[in-house]
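Structure first, then comments.
The values are calculated or read from the model by the stated rules, or taken from the named source; none is laboratory data. Note that the coordinates shown come from a computational prediction; the quantities given were computed from them, not determined experimentally. Neighbour counts run over all protein chains shown; Cβ positions are idealised from the backbone, glycine included.
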Amino acid sequence: MTALEQEEGMAAAELGPLPAAAVPVLAKALERATARAFQLANQAGQQARTNRWALSMSGIGGCKREAAYRLAGVPPTDVELSDAEEARQAMIGTWIHSGLLPQFENVLAHADIELPVELEVEVPLPDGGTRRLVVPGTADCYSHVMGGGVLDLKTVNAYRIGQIDHDGVKVSHRWQVRGYATALRQLGLPVAWVAWLYVDRSSGEVLVAIEPFGPDEEEETLEYVRRLWEMARAPDYAPRSERGPGLSWVCDGCAWLRQCWGPDARPGDSAALKVHDEPEIAFAARKFKELGDQIGELTKDREKWGAMVGRPEMGAYRDEQGEMIIKYQKDGEEVDKKAAVEQLALLGGEVPMRKRTGNRLVQWGRKEPEG
């Protein structure tokens, strides 16, 4: 028997075509094998890192509390989450890096790829002295053209390219690449610009964003790392940069999940966000109601403007503020639930039912008297 057959308890196939009844079993086995392959690849990459729990350049722009835990040397409570196979999007991004970056040396003149760098920052100590904090990282690409610059490759989900083009570079990406630029300047290399090459993982669509980099940006970067260092004095009180487990894939894969959200926190479960005392519940309910009212009005407005757009031909449509690009997803099929229930009833079958939790209703009550 093969390893797959042994692991799944599958009988060795006899000579002849695969029986139709065996197809679902084989499909499920191959799905699990793929998930396991992603998990092993992620574990291998994580274990190859030296000092994996220290702050690195990629963590500068991430969650501030996680950065504080790393700087303070707080032991992770959920190591297994950082090794989980659910990190497959990051793994795919890593594989795109390994396939694409080596070609930059061939197609981009005067380019150096995957340069190990160390950002050095003087940080204060409680006794009034200072120490040299070193944050390591690897710059994707350094180019000597146009005064020298850093190019960072970022892979993103489908349709994120348009959002980045509209909103600009993500703040977390900006701090990370500025860290590379500052570290390269500390090595004596000229850096006049920083750039981000966003690649859509689903289509290969590319967006390039470029920003100038000078002494002001360098000092802002050093000061930002110093603020993270100050937060590390009380890391459990550092501001969180993500919404929490069940609401953020970053939290669901964080090695400090229970340290941050409590001993009962679990990935994919937002129960850890629950508050318990009356003022906190009232405050959260008020925010929930306010946002719900706003969403209701926005949804009505969105429906109106959507009806006005209609379904014109795909392409760019311009006005005095710029252009808007309209695309359509491919037509597909979905289950007609009403027809399915009717057909099942006609055939004499019992309609499967499951328990449903009643919707939460929050209403405005009396205001507390002022004064």
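Observations
- Among the residues listed as V341, V362, V351, the single one being hydrophobic (A, V, I, L, M, F, W, C), surrounded by 10 or more Cβ atoms within 10 Å (Cβ to Cβ) and in a loop (DSSP other than H, G, I, E, B): V362
So that you can scan it fast, the table gives a plain yes or no per residue for (1) in contact with a Pro (Cβ under 9 Å, 6 or more places away or on another chain); (2) at positive phi; (3) at pLDDT 90 or above; (4) of a type in the set (S, T, N, Q):
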residue	(1), (2), (3), (4)
I295	no, no, yes, no
E320	no, no, yes, no
G348	no, yes, no, no
W364	no, no, no, no
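- Just one residue in the set R52, R65, R88 is assigned to a helix (DSSP H, G or I), modelled with pLDDT of 75 or more and not hydroxyl-bearing (S, T, Y); that residue is R65.
- Residue check, A27 modelled with pLDDT of 75 or more, small (G, A, S) and part of a helix (DSSP H, G or I): yes
- Scanning segment 181-198 turns up no residue that is assigned by TED's automatic domain parsing to the domain that holds E220, under 24 Å from E242 (Cβ atoms) and in contact (Cβ under 8 Å) with a residue 60 or more places away in the chain.
- Residue match in segment 291-299 (condition: within 30 Å of V362 (Cβ to Cβ) and either buried (at least 16 other Cβ atoms within 10 Å of the Cβ) or small (G, A, S) (or both)): yes
- Residue within segment 172-185 that is outside any helix (DSSP H, G or I), within 14 Å of E120 (Cβ to Cβ) and out of contact with any Lys or Arg (no Cβ under 7 Å at 6 or more places or on another chain) present: no
- Within segment 123-149, if we keep just the residues that are over 30 Å from the mean Cα position of the chain (by Cα) and surrounded by 12 or more Cβ atoms within 10 Å (Cβ to Cβ), the residue that is nearest to M231 (Cα to Cα) turns out to be P124.
- Test for R302: is it within 24 Å of R132 (Cα to Cα) and of a type in the set (K, R): no
- Residue selected from segment 222-266 under the condition under 19 Å from Q176 (Cβ atoms) and touching a strand residue (DSSP E or B) at 6+ places or on another chain (Cβ under 8 Å), by the criterion surrounded by the fewest Cβ atoms within 10 Å (Cβ to Cβ): R226
- K274 surrounded by fewer than 14 Cβ atoms within 10 Å (Cβ to Cβ) and modelled with pLDDT under 95: yes
- Residue in segment 218-241 that is farther than 30 Å from R132 by Cβ and modelled with pLDDT under 95 present: no
- For segment 150-176, taking the residues that are surrounded by fewer than 19 Cβ atoms within 10 Å (Cβ to Cβ) and among the hydroxyl-bearing types (S, T, Y), the one that is nearest to C63 (Cα to Cα) is identified as S172.
- Any hit, segment 192-206, residues being of a type in the set (D, E) and at pLDDT below 95: yes
- Only residues that are within 24 Å of I96 (Cα to Cα), assigned to a strand (DSSP E or B) and not aliphatic (A, V, I, L, M) were counted in segment 119-165, giving 11.
- Among the residues of segment 68-78, the one identified as part of a loop (DSSP other than H, G, I, E, B) and of a type in the set (S, T, Y) is T77.
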